[in-house]
(Lines give C-alpha, C1' and ligand atoms only; values in the text may rest on other atoms or scores of the structure.)
Protein backbone atom coordinates (compact mmCIF):
# COMPACT_ATOMS: atom_id res chain seq x y z
CA UNK A 1 0.00 0.00 0.00
CA UNK A 2 1.35 3.35 -0.95
CA UNK A 3 2.08 6.12 1.58
CA UNK A 4 -0.54 8.39 -0.06
CA UNK A 5 -3.33 5.83 0.33
CA UNK A 6 -2.39 5.16 3.93
CA UNK A 7 -2.57 8.86 4.67
CA UNK A 8 -6.04 9.15 3.11
CA UNK A 9 -7.37 6.18 5.07
CA UNK A 10 -6.00 7.64 8.31
CA UNK A 11 -7.90 10.89 7.70
CA UNK A 12 -11.17 8.91 7.60
CA UNK A 13 -10.69 7.40 11.04
CA UNK A 14 -13.46 8.14 13.60
CA UNK A 15 -12.37 10.12 16.64
CA UNK A 16 -14.28 8.44 19.43
CA UNK A 17 -13.00 10.81 22.13
CA UNK A 18 -14.98 13.79 20.66
CA UNK A 19 -18.83 14.20 21.23
CA UNK A 20 -20.41 14.99 17.82
CA UNK A 21 -23.59 16.56 19.33
CA UNK A 22 -21.76 19.00 21.51
CA UNK A 23 -22.08 22.68 20.39
CA UNK A 24 -19.44 25.26 20.91
CA UNK A 25 -20.01 27.82 23.72
CA UNK A 26 -20.20 30.67 21.20
CA UNK A 27 -23.01 28.97 19.28
CA UNK A 28 -24.97 28.41 22.47
CA UNK A 29 -24.65 32.06 23.48
CA UNK A 30 -25.82 33.23 20.05
CA UNK A 31 -28.85 30.94 20.11
CA UNK A 32 -29.84 32.16 23.59
CA UNK A 33 -29.55 35.78 22.54
CA UNK A 34 -31.65 35.15 19.39
CA UNK A 35 -34.34 33.48 21.46
CA UNK A 36 -34.46 36.32 23.94
CA UNK A 37 -34.69 38.83 21.07
CA UNK A 38 -37.58 36.94 19.52
CA UNK A 39 -39.42 36.81 22.85
CA UNK A 40 -38.84 40.52 23.37
CA UNK A 41 -40.10 41.33 19.88
CA UNK A 42 -43.23 39.28 20.41
CA UNK A 43 -43.84 40.95 23.77
CA UNK A 44 -43.25 44.40 22.29
CA UNK A 45 -45.12 44.22 18.99
CA UNK A 46 -47.08 41.04 18.50
CA UNK A 47 -48.75 40.82 21.90
CA UNK A 48 -50.18 44.40 21.90
CA UNK A 49 -51.41 43.95 18.35
CA UNK A 50 -52.99 40.63 19.18
CA UNK A 51 -54.62 42.13 22.25
CA UNK A 52 -55.92 45.09 20.23
CA UNK A 53 -57.31 42.72 17.62
CA UNK A 54 -59.09 40.54 20.18
CA UNK A 55 -59.89 42.91 23.04
CA UNK A 56 -61.33 46.39 22.37
CA UNK A 57 -60.23 49.12 24.74
CA UNK A 58 -63.06 51.10 26.28
CA UNK A 59 -62.53 54.84 25.93
CA UNK A 60 -64.41 58.09 26.44
CA UNK A 61 -64.82 60.42 23.49
CA UNK A 62 -64.74 64.14 22.83
CA UNK A 63 -64.45 66.21 19.66
CA UNK A 64 -62.78 69.19 18.06
CA UNK A 65 -64.97 72.27 18.56
CA UNK A 66 -65.32 75.33 16.36
CA UNK A 67 -65.64 78.27 18.72
CA UNK A 68 -66.89 81.62 17.52
CA UNK A 69 -65.78 84.95 18.98
CA UNK A 70 -69.46 85.31 19.88
CA UNK A 71 -69.19 82.35 22.23
CA UNK A 72 -70.04 84.49 25.24
CA UNK A 73 -73.46 85.42 23.82
CA UNK A 74 -74.39 81.95 22.47
CA UNK A 75 -77.46 80.45 24.13
CA UNK A 76 -78.12 77.39 21.94
CA UNK A 77 -76.14 75.62 19.20
CA UNK A 78 -77.45 73.12 16.67
CA UNK A 79 -76.70 71.75 13.20
CA UNK A 80 -78.78 71.80 10.06
CA UNK A 81 -78.84 72.21 6.30
CA UNK A 82 -79.33 75.05 3.83
CA UNK A 83 -82.65 74.68 2.00
CA UNK A 84 -84.48 76.95 -0.47
CA UNK A 85 -87.94 78.20 0.36
CA UNK A 86 -88.83 78.76 -3.30
CA UNK A 87 -87.95 76.10 -5.86
CA UNK A 88 -89.59 74.70 -8.96
CA UNK A 89 -89.14 71.52 -10.94
CA UNK A 90 -90.11 72.74 -14.36
CA UNK A 91 -92.05 70.20 -16.39
CA UNK A 92 -94.20 70.12 -19.50
CA UNK A 93 -97.98 69.93 -19.76
CA UNK A 94 -97.68 67.43 -22.60
CA UNK A 95 -95.19 64.73 -23.55
CA UNK A 96 -92.83 65.50 -26.38
CA UNK A 97 -89.30 65.56 -27.70
CA UNK A 98 -86.94 68.43 -26.85
CA UNK A 99 -86.20 70.61 -29.89
CA UNK A 100 -84.36 73.58 -28.33
CA UNK A 101 -82.78 74.43 -24.96
CA UNK A 102 -82.20 78.12 -24.24
CA UNK A 103 -80.46 77.85 -20.83
CA UNK A 104 -77.73 75.85 -19.14
CA UNK A 105 -76.96 74.85 -15.59
CA UNK A 106 -76.08 77.90 -13.48
CA UNK A 107 -77.97 80.43 -15.63
CA UNK A 108 -80.10 83.04 -13.84
CA UNK A 109 -83.62 83.33 -15.28
CA UNK A 110 -86.63 85.56 -14.69
CA UNK A 111 -90.30 84.67 -14.63
CA UNK A 112 -91.56 84.30 -18.21
CA UNK A 113 -88.18 83.67 -19.84
CA UNK A 114 -88.29 81.07 -22.63
CA UNK A 115 -86.14 78.18 -21.41
CA UNK A 116 -87.01 75.27 -23.73
CA UNK A 117 -89.06 74.25 -26.75
CA UNK A 118 -90.54 70.90 -27.69
CA UNK A 119 -90.87 69.60 -31.24
CA UNK A 120 -94.04 71.17 -32.72
CA UNK A 121 -94.00 69.92 -36.32
CA UNK A 122 -96.91 67.54 -35.74
CA UNK A 123 -98.92 70.26 -34.02
CA UNK A 124 -98.36 72.72 -36.85
CA UNK A 125 -99.51 70.08 -39.34
CA UNK A 126 -102.65 69.50 -37.29
CA UNK A 127 -103.35 73.25 -37.24
CA UNK A 128 -102.91 73.51 -41.02
CA UNK A 129 -105.34 70.62 -41.54
CA UNK A 130 -107.86 72.14 -39.13
CA UNK A 131 -107.65 75.51 -40.88
CA UNK A 132 -108.41 73.76 -44.18
CA UNK A 133 -111.48 72.16 -42.63
CA UNK A 134 -112.60 75.56 -41.33
CA UNK A 135 -112.25 77.05 -44.80
CA UNK A 136 -114.28 74.20 -46.29
CA UNK A 137 -117.00 74.56 -43.65
CA UNK A 138 -117.23 78.30 -44.20
CA UNK A 139 -117.51 77.73 -47.95
CA UNK A 140 -120.41 75.33 -47.36
CA UNK A 141 -122.05 77.87 -45.09
CA UNK A 142 -121.75 80.57 -47.78
CA UNK A 143 -123.21 78.20 -50.37
CA UNK A 144 -126.11 77.43 -48.03
CA UNK A 145 -126.76 81.14 -47.55
CA UNK A 146 -126.70 81.67 -51.31
CA UNK A 147 -129.24 78.90 -51.85
CA UNK A 148 -131.30 80.34 -49.03
CA UNK A 149 -131.34 83.77 -50.71
CA UNK A 150 -132.39 82.26 -54.03
CA UNK A 151 -135.25 80.29 -52.52
CA UNK A 152 -136.32 83.31 -50.48
CA UNK A 153 -136.76 85.27 -53.70
CA UNK A 154 -138.85 82.45 -55.18
CA UNK A 155 -141.03 82.35 -52.09
CA UNK A 156 -141.61 86.11 -52.25
CA UNK A 157 -142.68 85.93 -55.91
CA UNK A 158 -144.92 82.94 -55.30
CA UNK A 159 -146.54 84.64 -52.31
CA UNK A 160 -147.46 87.63 -54.48
CA UNK A 161 -149.02 85.37 -57.11
CA UNK A 162 -151.00 83.49 -54.46
CA UNK A 163 -152.28 86.73 -52.97
CA UNK A 164 -153.45 87.82 -56.49
CA UNK A 165 -155.10 84.41 -56.88
CA UNK A 166 -153.08 83.75 -60.01
CA UNK A 167 -151.69 80.39 -58.84
CA UNK A 168 -152.57 77.82 -56.20
CA UNK A 169 -150.95 77.51 -52.79
CA UNK A 170 -149.23 74.16 -53.40
CA UNK A 171 -146.12 75.62 -55.04
CA UNK A 172 -145.90 78.36 -52.41
CA UNK A 173 -146.06 75.85 -49.58
CA UNK A 174 -143.38 73.66 -51.18
CA UNK A 175 -141.07 76.63 -51.57
CA UNK A 176 -141.73 77.75 -47.97
CA UNK A 177 -140.81 74.27 -46.65
CA UNK A 178 -137.65 74.25 -48.73
CA UNK A 179 -136.78 77.70 -47.39
CA UNK A 180 -137.01 76.50 -43.78
CA UNK A 181 -134.83 73.49 -44.58
CA UNK A 182 -132.20 75.71 -46.19
CA UNK A 183 -132.24 78.03 -43.19
CA UNK A 184 -131.49 75.11 -40.85
CA UNK A 185 -128.84 73.81 -43.22
CA UNK A 186 -127.16 77.23 -43.29
CA UNK A 187 -127.21 77.40 -39.51
CA UNK A 188 -125.66 73.93 -39.29
CA UNK A 189 -122.92 74.88 -41.76
CA UNK A 190 -122.11 78.03 -39.82
CA UNK A 191 -122.06 76.08 -36.52
CA UNK A 192 -119.70 73.53 -38.07
CA UNK A 193 -117.40 76.32 -39.22
CA UNK A 194 -117.44 77.83 -35.72
CA UNK A 195 -116.65 74.45 -34.14
CA UNK A 196 -113.75 73.88 -36.49
CA UNK A 197 -112.46 77.39 -35.78
CA UNK A 198 -112.58 76.61 -32.07
CA UNK A 199 -110.60 73.43 -32.77
CA UNK A 200 -107.93 75.55 -34.47
CA UNK A 201 -107.79 77.74 -31.35
CA UNK A 202 -107.36 74.65 -29.16
CA UNK A 203 -104.57 73.40 -31.38
CA UNK A 204 -102.87 76.79 -31.14
CA UNK A 205 -102.97 76.51 -27.36
CA UNK A 206 -101.30 73.12 -27.69
CA UNK A 207 -98.70 74.74 -29.93
CA UNK A 208 -97.96 77.32 -27.24
CA UNK A 209 -97.62 74.48 -24.71
CA UNK A 210 -94.60 73.32 -26.72
CA UNK A 211 -92.83 76.43 -25.43
CA UNK A 212 -91.75 76.21 -21.79
CA UNK A 213 -91.21 79.36 -19.74
CA UNK A 214 -89.55 79.94 -16.37
CA UNK A 215 -92.25 79.96 -13.65
CA UNK A 216 -90.12 81.81 -11.06
CA UNK A 217 -87.07 84.02 -10.72
CA UNK A 218 -84.03 81.92 -9.85
CA UNK A 219 -81.03 79.91 -10.93
CA UNK A 220 -81.01 76.69 -12.95
CA UNK A 221 -79.47 74.16 -10.54
CA UNK A 222 -79.76 70.96 -12.61
CA UNK A 223 -78.47 70.03 -16.03
CA UNK A 224 -81.18 70.61 -18.68
CA UNK A 225 -82.08 67.75 -21.04
CA UNK A 226 -80.29 67.24 -24.31
CA UNK A 227 -81.95 68.03 -27.62
CA UNK A 228 -83.84 64.94 -28.73
CA UNK A 229 -84.67 63.62 -25.25
CA UNK A 230 -88.28 62.63 -24.58
CA UNK A 231 -90.13 64.29 -21.73
CA UNK A 232 -92.20 61.98 -19.51
CA UNK A 233 -90.50 58.89 -20.94
CA UNK A 234 -86.81 59.52 -20.23
CA UNK A 235 -87.19 62.12 -17.46
CA UNK A 236 -90.20 63.44 -15.52
CA UNK A 237 -89.14 67.11 -15.58
CA UNK A 238 -86.85 69.32 -17.63
CA UNK A 239 -84.87 71.17 -14.98
CA UNK A 240 -84.97 72.57 -11.46
CA UNK A 241 -84.93 76.29 -10.74
CA UNK A 242 -84.11 77.59 -7.26
CA UNK A 243 -84.50 81.10 -5.91
CA UNK A 244 -81.23 81.66 -4.05
CA UNK A 245 -82.74 84.70 -2.41
CA UNK A 246 -85.01 82.39 -0.42
CA UNK A 247 -82.25 80.25 1.14
CA UNK A 248 -82.66 79.50 4.84
CA UNK A 249 -81.08 77.09 7.29
CA UNK A 250 -83.35 74.43 8.73
CA UNK A 251 -82.04 73.09 12.03
CA UNK A 252 -83.38 70.89 14.83
CA UNK A 253 -83.31 72.49 18.27
CA UNK A 254 -83.57 70.27 21.37
CA UNK A 255 -87.02 70.55 22.90
CA UNK A 256 -85.50 71.32 26.30
CA UNK A 257 -83.69 74.39 24.86
CA UNK A 258 -86.57 75.72 22.76
CA UNK A 259 -87.43 78.37 25.35
CA UNK A 260 -84.16 80.14 24.50
CA UNK A 261 -85.07 80.53 20.80
CA UNK A 262 -87.40 83.30 19.65
CA UNK A 263 -88.37 84.52 16.16
CA UNK A 264 -86.52 87.71 15.26
CA UNK A 265 -83.58 87.03 17.60
CA UNK A 266 -80.03 87.18 16.12
CA UNK A 267 -77.96 84.12 15.38
CA UNK A 268 -74.79 83.10 13.60
CA UNK A 269 -74.28 80.44 10.93
CA UNK A 270 -70.99 78.76 9.97
CA UNK A 271 -71.05 76.49 6.93
CA UNK A 272 -68.95 73.33 6.95
CA UNK A 273 -67.77 74.23 3.43
CA UNK A 274 -66.39 77.59 4.67
CA UNK A 275 -65.49 77.06 8.35
CA UNK A 276 -63.66 80.40 8.63
CA UNK A 277 -66.55 82.51 7.28
CA UNK A 278 -69.42 83.52 9.55
CA UNK A 279 -72.89 84.68 8.49
CA UNK A 280 -75.21 86.89 10.48
CA UNK A 281 -78.73 85.50 10.56
CA UNK A 282 -82.12 85.95 12.18
CA UNK A 283 -84.49 83.34 13.53
CA UNK A 284 -87.31 83.20 10.98
CA UNK A 285 -89.85 80.81 12.47
CA UNK A 286 -90.27 77.89 14.84
CA UNK A 287 -91.87 74.74 13.47
CA UNK A 288 -95.30 73.56 14.54
CA UNK A 289 -94.36 69.93 15.09
CA UNK A 290 -92.14 68.01 17.49
CA UNK A 291 -90.04 65.02 16.52
CA UNK A 292 -90.78 62.66 19.40
CA UNK A 293 -88.04 60.23 18.40
CA UNK A 294 -85.32 62.89 18.63
CA UNK A 295 -87.10 65.29 21.03
CA UNK A 296 -86.37 68.22 18.71
CA UNK A 297 -88.30 71.04 17.04
CA UNK A 298 -87.45 72.36 13.54
CA UNK A 299 -86.41 76.00 13.37
CA UNK A 300 -85.80 78.11 10.24
CA UNK A 301 -83.05 80.72 10.18
CA UNK A 302 -82.74 83.33 7.40
CA UNK A 303 -79.53 85.01 6.26
CA UNK A 304 -79.04 88.69 7.03
CA UNK A 305 -75.81 89.11 5.07
CA UNK A 306 -75.20 88.36 1.41
CA UNK A 307 -75.37 84.64 0.57
CA UNK A 308 -72.64 84.45 -2.08
CA UNK A 309 -71.31 80.89 -2.51
CA UNK A 310 -74.06 79.49 -0.27
CA UNK A 311 -75.64 76.46 -1.95
CA UNK A 312 -78.66 74.30 -1.10
CA UNK A 313 -78.03 71.21 1.04
CA UNK A 314 -74.83 72.61 2.59
CA UNK A 315 -74.26 71.55 6.19
CA UNK A 316 -74.36 74.39 8.69
CA UNK A 317 -73.79 75.00 12.40
CA UNK A 318 -76.22 77.50 13.93
CA UNK A 319 -75.50 79.49 17.09
CA UNK A 320 -78.46 81.33 18.57
CA UNK A 321 -77.31 84.54 20.27
CA UNK A 322 -78.59 86.68 23.08
CA UNK A 323 -77.41 89.86 21.30
CA UNK A 324 -76.53 90.85 17.73
CA UNK A 325 -72.91 90.75 16.54
CA UNK A 326 -71.03 93.92 15.72
CA UNK A 327 -69.18 94.46 12.46
CA UNK A 328 -65.84 94.13 14.25
CA UNK A 329 -66.85 90.84 15.83
CA UNK A 330 -67.86 89.49 12.44
CA UNK A 331 -64.33 90.04 11.11
CA UNK A 332 -62.79 87.71 13.68
CA UNK A 333 -62.57 84.13 12.35
CA UNK A 334 -63.79 81.21 14.46
CA UNK A 335 -61.18 79.07 16.20
CA UNK A 336 -60.71 75.33 16.39
CA UNK A 337 -60.48 74.22 20.00
CA UNK A 338 -59.10 70.82 20.98
CA UNK A 339 -59.99 69.68 24.53
CA UNK A 340 -57.03 69.43 26.88
CA UNK A 341 -58.11 65.91 27.86
CA UNK A 342 -57.52 64.67 24.29
CA UNK A 343 -53.88 65.86 24.04
CA UNK A 344 -51.02 63.46 24.75
CA UNK A 345 -47.26 63.67 24.23
CA UNK A 346 -45.60 60.90 22.28
CA UNK A 347 -41.96 60.99 21.14
CA UNK A 348 -41.75 64.64 22.17
CA UNK A 349 -44.70 65.75 19.97
CA UNK A 350 -48.27 66.69 20.80
CA UNK A 351 -50.72 64.06 19.54
CA UNK A 352 -54.41 63.24 19.58
CA UNK A 353 -56.13 59.92 18.84
CA UNK A 354 -58.74 60.32 16.12
CA UNK A 355 -61.60 57.80 16.22
CA UNK A 356 -62.42 56.37 12.80
CA UNK A 357 -64.62 53.30 12.21
CA UNK A 358 -63.87 51.65 15.53
CA UNK A 359 -60.13 52.28 15.41
CA UNK A 360 -57.85 55.07 16.59
CA UNK A 361 -55.33 56.95 14.49
CA UNK A 362 -52.57 58.87 16.22
CA UNK A 363 -52.47 62.33 14.64
CA UNK A 364 -50.01 65.17 15.35
CA UNK A 365 -51.41 68.60 16.21
CA UNK A 366 -50.00 72.11 16.41
CA UNK A 367 -51.34 74.04 19.37
CA UNK A 368 -51.81 77.74 19.90
CA UNK A 369 -52.86 79.81 22.88
CA UNK A 370 -54.94 78.32 25.72
CA UNK A 371 -58.71 78.64 25.37
CA UNK A 372 -61.66 77.76 27.59
CA UNK A 373 -61.75 73.97 27.77
CA UNK A 374 -58.50 73.37 25.90
CA UNK A 375 -56.16 74.94 23.37
CA UNK A 376 -56.55 76.67 20.04
CA UNK A 377 -55.49 74.22 17.34
CA UNK A 378 -53.47 75.76 14.52
CA UNK A 379 -53.05 72.53 12.58
CA UNK A 380 -54.84 69.22 12.98
CA UNK A 381 -58.21 67.48 12.52
CA UNK A 382 -61.28 69.33 11.24
CA UNK A 383 -64.05 70.63 13.53
CA UNK A 384 -66.40 67.90 14.65
CA UNK A 385 -63.74 65.16 14.49
CA UNK A 386 -64.19 62.66 17.32
CA UNK A 387 -61.21 62.21 19.62
CA UNK A 388 -60.26 59.91 22.49
CA UNK A 389 -60.60 61.66 25.84
CA UNK A 390 -57.90 60.85 28.40
CA UNK A 391 -56.23 58.15 26.24
CA UNK A 392 -54.51 55.41 28.30
CA UNK A 393 -50.70 55.21 28.11
CA UNK A 394 -50.75 51.87 26.27
CA UNK A 395 -53.16 53.04 23.53
CA UNK A 396 -51.49 52.38 20.18
CA UNK A 397 -52.03 53.62 16.64
CA UNK A 398 -54.56 51.44 14.81
CA UNK A 399 -55.90 49.86 17.99
CA UNK A 400 -59.56 48.87 18.07
CA UNK A 401 -61.70 50.65 20.63
CA UNK A 402 -65.26 50.97 21.81
CA UNK A 403 -66.97 53.88 23.52
CA UNK A 404 -67.72 53.62 27.19
CA UNK A 405 -71.36 53.45 28.08
CA UNK A 406 -72.72 56.53 29.77
CA UNK A 407 -72.67 56.26 33.52
CA UNK A 408 -69.99 53.54 33.54
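Values computed for the structure shown
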read-out: Checking residue 343 against (1) buried (at least 17 other Cβ atoms within 10 Å of the Cβ); (2) in contact (Cβ under 8 Å) with a residue 40 or more places away in the chain, the condition it does not meet; value: (2)
read-out: Some residue of region 333-345 being at pLDDT 90 or above and in a loop (DSSP other than H, G, I, E, B); value: yes
read-out: Only listed residue being crowded, with 16+ Cβ neighbours inside 10 Å, in a strand (DSSP E or B) and touching a residue at least 40 places away in the same chain (Cβ under 8 Å), chosen from 388, 354; value: 388
read-out: Number of the condition not met by residue 117 [criteria: (1) buried (at least 16 other Cβ atoms within 10 Å of the Cβ); (2) part of a helix (DSSP H, G or I)]; value: (2)
read-out: Among (1) under 17 Å from the mean Cα position of the chain (by Cα); (2) surrounded by 20 or more Cβ atoms within 10 Å (Cβ to Cβ); (3) under 15 Å from residue 101 (Cβ atoms) - the single one residue 237 does not satisfy; value: (2)
read-out: Residue in region 279-298 that is closer than 29 Å to residue 381 by Cβ, buried (at least 17 other Cβ atoms within 10 Å of the Cβ) and modelled with pLDDT under 90 present; value: yes
read-out: Index of the failed condition, residue 202 passing every other in (1) more than 22 Å from residue 123 (Cβ to Cβ); (2) surrounded by fewer than 18 Cβ atoms within 10 Å (Cβ to Cβ); (3) modelled with pLDDT under 90; value: (1)
read-out: Qualifying residues in region 33-68 (those that are surrounded by 18 or more Cβ atoms within 10 Å (Cβ to Cβ) and not in a strand (DSSP E or B)) - the one modelled with the highest pLDDT; value: 64
read-out: Test: residue in region 288-310 that is part of a strand (DSSP E or B) and more than 19 Å from residue 250 (Cβ to Cβ); value: no
read-out: Residue in region 212-230 that is buried (at least 16 other Cβ atoms within 10 Å of the Cβ) and more than 24 Å from the chain's Cα centre (by Cα) present; value: yes
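The values are calculated or read from the model by the stated rules, or taken from the named source; none is laboratory data. Just so it is clear, the structure is predicted and the values come from calculations on it, not from any experiment. Methodologically, a virtual Cβ is constructed for each residue, glycine included, from the backbone with ideal geometry; neighbour enumeration extends over all protein chains shown.
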